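First comes the structure, then the notes that go with it.
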């Protein structure tokens, strides 16, 4: 489609489907129409600025878009209007992307359901009774439902990759420093990363090239000879039967393509201990970020969010120091994980999307938090849909720090084996 036709396509789908999904919260369609017309003129003249020129992008509500509310899903900030774009949004604009608006998220980016007390619940396009995951649930749901070409999310312990897995799209968590975080209302400056969602790995690669202001590596000729360590966490994390079968099928497909599969286990990573350390760091750092607004408008924060921040603030200093020391140890030990492999393959989450009425599984981020702690790039890839549940399945590829291009290239080749993510039946 031409950029204008593309914009009209998404504008129509937003009007049709967003009321039932509640993915987009704040739209700027009049301004976006102008941007699309400018991209259309560039395309007609053969002078496109980049591969994403004319793409329609959604932005998570903790990332500033000039002229729109910038609240990170927190009621206390709902009246704050961004005076300028976050740097990642500016880079996308410079590449010719059309910014449609901002999308829903779990309050403060600290949660796993995107069931927001102030801005409402975002539904999973595969099943409206199921969560899209969090905290970037609105971003993944908008991409899955075909309301945009791609979306920006943020990943602290898995918040780009888990919603990608639950919604059946692709997502990338970059290496630290590859994508700037200026203009993001943070959860944890220690662990936060801004990353893209798209319906294809090629889309992730093109968005990452714009976000990082540097081209990602070209795809390899094939996967043959690539050494991949499979991280199953046997006895440490219980996989649902569907996720276990999905991992086995992914391994079989990779083996058939000549990938050399071995075993992997992240050094110094300690599952329950790591989970608690990451959550404590998030609660403490978020408490500091929001301290002034919390004092001014405590009712603007949900009871559950206030309790999390208060719990973190009450922890002894030694406990916080131990949490930071644990993350440092995991990061220092990370290179050893690649002594016998080029990449690590793991489930993205131990389960598929769960119902809003079910308790949030405590272990959702146990496979994703390692890449945040260890400062590694990781790409979540949809591998298909479970025949028994009708919900998406996914795995993630994790690589050495700074090698985002290599991870995306391998993910692109793996996607060719698994097939492009299907569209939810109600949104085709």
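Name all residues of the range 105-125 having a backbone nitrogen under 16 Å from the label point set 7 Å from the Cα of residue 426 along its Cα→Cβ direction, giving them as ranges. Correct set: 121-125. Distance between the pseudo-spin-label points of residue 313 and residue 276 (7 Å out from Cα toward the beta carbon): 2.3 nm.
Computed over the chain, the range of Cα coordinates on each principal axis works out to 55, 53, 40 Å, biggest value leading. Looking at the chain, the DSSP beta bridges with both ends there are about 65 percent antiparallel.
Sorted largest first, the principal axis extents computed over the alpha-carbon atoms of the range 191-251 equal 42, 33, 22 Å. With R₀ fixed at 56 Å, the C-beta to C-beta distance from residue 260 to residue 41 puts the FRET efficiency at about 0.70. Using alpha carbons only, the radius of gyration of the range 138-206 set against its Kirkwood radius gives Rg/Rh = 0.95.
Mean projected area of the Cα convex hull of the range 272-330, taken over all directions, amounts to 4.1 nm².
Computed extension gain for residue 336 through residue 362, at 0.36 nm per residue and net of the alpha carbon distance, reaches 6.6 nm.
Extension gain, residue 324 to residue 213, is 36.9 nm, computed as 0.36 nm per intervening residue step minus the present C-alpha separation.
On a C-alpha basis, how far is the centre of the range 220-266 from the centre of the range 157-190 in Å? Whole number, if you could? The distance from the Cα centre of the range 220-266 to that of the range 157-190 comes to 23 Å.
Annotation for the range 308-369 versus the range 406-428: alpha-carbon center distance of 25 Å. Once the chain from residue 252 to residue 304 is taken as fully extended at 0.36 nm per residue, the excess over their C-alpha distance is 14.4 nm.
Helix content alone sets the calculated 222 nm mean residue ellipticity of the chain: runs of n ≥ 4 DSSP H residues at -39500 (n - 2.57) each, divided across all residues, give -11500 deg cm²/dmol. What separates the Cα centres of the range 89-122 and the range 1-80 is a distance of 11 Å. Which of rounded, prolate or oblate describes the range 305-414 when judged by the alpha-carbon gyration tensor and an a/c cut-off of 1.5? Oblate. The packing ranking, built from the mean of other Cβ atoms within 10 Å per residue, places the peptides 136-147, 109-120 in the order 136-147, 109-120, highest first. For the range 107-229, the Stokes-Einstein estimate of translational diffusion at 37 °C and a viscosity of 0.692 mPa s comes to 219 µm²/s, using the Kirkwood hydrodynamic radius over alpha-carbon pairs.
Rule-based calculations on the coordinates, nothing more; no lab input. Since this is a predicted model, take the numbers as computed values, not measurements. Note that each Cβ is placed from the backbone with ideal geometry, even for glycine, and that neighbours are counted across all protein chains shown.
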